[in-house]
1. Starting with the highest mean, order 277-285, 210-218 by the number of other Cβ atoms within 10 Å, averaged over the residues of each peptide.
2. Find, to one decimal place in angstroms, the Kirkwood hydrodynamic radius of segment 180-282, where the mean of 1/r is taken over every pair of different Cα atoms and then inverted.
3. Apply the Debye scattering formula to segment 133-245, with a single equal point scatterer on each alpha-carbon and no solvent, then give log10 I(q)/I(0) at q = 0.19, 0.21 Å⁻¹.
4. What translational diffusion coefficient, in µm²/s and rounded to a whole number, does the Stokes-Einstein relation yield for segment 61-220 at 20 °C and a viscosity of 1.002 mPa s, taking the hydrodynamic radius as the Kirkwood radius over Cα pairs?
5. P(r) tail for segment 237-301, what percent of Cα pairs lie past 13 Å?
6. Between residue 233 and residue 199, what is 0.36 nm times their sequence separation minus the Cα-Cα distance? Round to one decimal in nm.
7. How far is it, in nm, from the label point at residue 308 to the one at residue 252 when both lie 7 Å from their Cα along the line to the Cβ?
8. Quick one: what are the phi-derived ³J(HN,Hα) couplings along segment 301-307, Karplus 6.51/-1.76/1.60 with θ = phi - 60°, whole Hz, x for glycine and proline?
Amino acid sequence: MRITTRRMTSRLVSSPKWQAVPRGLLALKAMRDGRGVAFPIRKPDKVYGKIGSLEVRLARKRKEIKHAQRLRYEVFYEEMSAIPTLRAELRRRDEDPYDAVCDHLLVVDEARLPVSDAWGGLKKQKVVGTYRVLRQEIAERTLGFYTQSEYDIAPLIKARSPHYSFMELGRSCVLEPYRNKRTVELLWHGLWTYVREHKIDVMVGCASLAGTDVDRHAEALSFLHHNALAPAEWRCRAHDNLYVSMDRMPAEKVDARRALKALPPLIKGYLRLGAYVGDGAVIDRQFGTTDVLIILPVEKIDPRYFEHFGMPSELKSRIAVDA
């Protein structure tokens, strides 16, 4: 047996194919180049920025997406009032088919947490914030936009393409102890860098008010209707079978300060940037929310935010790790 093995090894080593295989540093270079190599080295993580122990980057591995799904479950189903399917409850993850085609922006706490296992000393990172993003070219090749299930955004996209490139925002959440300015800014730095990197012109997506009682949100919804409704050229309407009017109070009866206080921070953030809202709200029974459509053309973003987050012409994050 040993003689046979030696003969096979000798033949392999002396063969022309074996002689052509690069070795040592040359082998590493060939793998990095990725030209004609069957198993290239995995691309490094796309890190968009860091503040203290928090880092914002794209998920690159399946297990990182699972961490984001677990975070979403904790926030949407355990903290809020979403109703899980049996599968979601068993797996403790918020997941759907869109997770496979979207990019997942993560805020990770690099202050490592100990893992109790047989090895004793292993550590893991903790995902404390996430955004799910879907670019137009990917949506058109795969599942379409998730938002289309609630709002008729197709006519707007058709009318504005190919001069405008759209991207959908969704499944945004932050773990409760991390809901502060630093974490939200990190998410925005990452999102804005991603937008510039992929030359996105318009961001769309649903944002939510907690609860399904529209009368409870009458003043906030009316404020949005009277002050942030998209102009005709940007307006999209909720599907007729889902449409709930946001015009629930006359404009003169709305207390702007009180209405703004009632709006979730995410929606107020969008408004400050210059976003519009669509026509009509939608009740999402599964997630226990009242949804509104956000439409944010990059050309309408308030220029004062560029001083902090970076100009549209800049590709690199202003809080990049190697900045």
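Just so you know, all these numbers are worked out from the coordinates, no wet-lab data involved. This structure is a prediction, so every number in the text was calculated from the model and none was measured. So basically every Cβ, Gly included, is an ideal-geometry build from the backbone, and we count neighbours across all protein chains shown.
1. Final packing ranking: 277-285, 210-218.
2. Details: mean 1/r = 0.0669 Å⁻¹.
Answer for segment 180-282: a Kirkwood hydrodynamic radius of 15.0 Å.
3. Calculated log10 I(q)/I(0) at the listed q: -1.25, -1.36.
4. On the way: Rh = 17.6 Å.
The diffusion coefficient I find is 122 µm²/s.
5. Working: 1472 of 2080 pairs.
The calculated P(r) of segment 237-301 puts 71 percent of pairs beyond 13 Å.
6. 10.1 nm
7. 3.6
8. Values, residue by residue: 5, 4, x, 5, 6, 5, 4 Hz.
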